[in-house]
Every structure is written in structure tokens, then in C-alpha cells.
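Notes to accompany the following structure.
The values are calculated or read from the model by the stated rules, or taken from the named source; none is laboratory data. Note that the coordinates shown come from a computational prediction; the quantities given were computed from them, not determined experimentally. FYI the Cβ positions are ideal-geometry reconstructions off the backbone, even for glycines, and counts take in every protein chain you see.
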Amino acid sequence: MRISGGESRGRRLMGPRHGGVRPTSDKVREALFSILAARVEGSVFLELFAGTGAVGIEALSRGAARAVFVDASSKSTRLIRENLNALGYRDRAAVVAKDALQFMKKDAAGLGPFGLAFVDPPYHEEVGDKAMDALGSDEAAGVLTDGAVVVYEHFKKHAAPESFGRLARLREYVYGDTVLTLYASG
């Protein structure tokens, strides 16, 4: 895995050393940041189900002010910290070793508000839909900025709904079996 743009372009990230992690491909990550473009600079970025942290680290490389990485696996959060340290981004990041839904209930408001969020569950749509519901809920008001963009990565056979509470679908992009569905907070 390599960073595809920004100040760390071309730098390698350490990959997963354990099963159960499916990193977002370099191709999909590059497409994602082409879509997000100018929104990244100066943003506060949230990555739920962070795995290797590649997406949030890419956001930092491309000028995000800060990134928060959330993953329930201590192995994943350790790997994210190693990658952040190797690239010199540790001071602009928070790594939370917690289930995404618990994070939304207890910690998200204190670390936000987020202008961009990336939700990439391990292709368990039920878990991903619950996390999206939590982000779009009235209880999460203040977690996202007005007009924040939330990107939901999911398997193409899973039809993402038109909305998750206060999150309204903007557009979908398909890359093989992977779909990026963009939502805006309102």
C-alpha cells in the first residue's frame, strides 16, 4: 500500500499482519480522494472501522487538519499508530481502540465535529448500516459539521438506502465489487 497523493505521496504503509482486515485498494482510495478533492484540505476526518488507517492517513497527507481512527481491534490500532509514527502524523491524529457504535455513543462528540467521515465495515452490511444510522441520528447532532460528507464503502450487492436519518445520499461510484456511496449531512 502506498500513499497516492499529497506530501507523503509514494510512501509505503505497513499492511495488516493479521486476518480480518481488508484494506481499501489503492485504486479505490485514489478515486475517493479525486471525488473529495478540495474538501480534504483543513478538514477533520473520521475513519470508522479503520483497519490499517490508510484512508485517514491519505487524508492527512492531502492536508486534513486532523484525523480520528476508530477500530475495535488492538492489532489494527497498533498498526495505525505505527503507520502514523513512520510518516510523522501522530500529532495530528487520535486512534481509538473501540467498537464503532460504542465510539459514536460515548466519544464522537468530544473528538468532532467532523467534516468528512469514511465508514468501511468489513463487508458486514448490518454493522455498516448501524454505524451509518448512528452518524445520521439526532443523538449525533454536532458530531458532523453542517454539509459534512460521509462516504460509505460497501459491497456492490448491498443496496445502500437513500438516507440514514439526517444523512441524504448524494451519489454512488462503483469500482468492481466495491461501491462508494456519498451522503451529506443536513
**Asked** Could you give every pair whose Cβ atoms fall below 7 Å, whose first residue belongs to segment 61-82 and is surrounded by fewer than 16 Cβ atoms within 10 Å (Cβ to Cβ), and whose second residue is of a type in the set (Asp, Glu), counting only separations of at least 6 or pairs across chains?
**Response** Gly63/Glu41
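In segment 14-45, which residues are among the polar types (S, T, N, Q), surrounded by fewer than 16 Cβ atoms within 10 Å (Cβ to Cβ) and at pLDDT 75 or above?
The answer is Ser34, and nothing else.
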**Fill in**
Restricting segment 138-177 to residues that are in contact with a strand residue (DSSP E or B) (Cβ under 8 Å, 6 or more places away or on another chain) and part of a loop (DSSP other than H, G, I, E, B), the one surrounded by the most Cβ atoms within 10 Å (Cβ to Cβ) turns out to be Val143
**Request:** Can you work out which of the residues in segment 101-127 that are touching a residue at least 60 places away in the same chain (Cβ under 8 Å) and small (Gly, Ala, Ser) is nearest to Asp177 (Cα to Cα)?
**Result:** Ala117
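State all residues of segment 69-85 that are in contact with a Ser or Thr (Cβ under 9 Å, 6 or more places away or on another chain) and more than 17 Å from Leu101 (Cβ to Cβ); if no residue qualifies, say none.
Within segment 69-85, the first condition is being in contact with a Ser or Thr (Cβ under 9 Å, 6 or more places away or on another chain), and the residues that meet it are 69-71, 76, 79-80, 83.
Of everything in segment 69-85, those that are in contact with a Ser or Thr (Cβ under 9 Å, 6 or more places away or on another chain) and more than 17 Å from Leu101 (Cβ to Cβ) turn out to be Leu79, Ile80, Asn83.
Filter segment 104-137 down to residues that are assigned to a helix (DSSP H, G or I), among the hydrophobic types (A, V, I, L, M, F, W, C) and under 25 Å from Ala65 (Cβ atoms), then give me how many there are. First the steps, then the outcome.
Start the filter on segment 104-137 by keeping residues that are assigned to a helix (DSSP H, G or I), which leaves 104-106, 108-111, 125-136.
The next check asks that each one be among the hydrophobic types (A, V, I, L, M, F, W, C); those that pass are 104, 108-109, 111, 127, 131-132, 134-135.
Keeping just the survivors that are under 25 Å from Ala65 (Cβ atoms) gives 104, 108-109, 111, 131-132, 134-135.
Selection size over segment 104-137: 8.
Report yes if some residue within segment 116-128 is among the acidic types (Asp, Glu) and touching an Asp or Glu at 6+ places or on another chain (Cβ under 7 Å); otherwise report no. Steps first, answer last, please.
Filtering segment 116-128 down to residues among the acidic types (Asp, Glu) leaves 120, 125-126.
Add one more test, that the residue is touching an Asp or Glu at 6+ places or on another chain (Cβ under 7 Å), and what stays is 120.
There is at least one residue in segment 116-128 that is among the acidic types (Asp, Glu) and touching an Asp or Glu at 6+ places or on another chain (Cβ under 7 Å).
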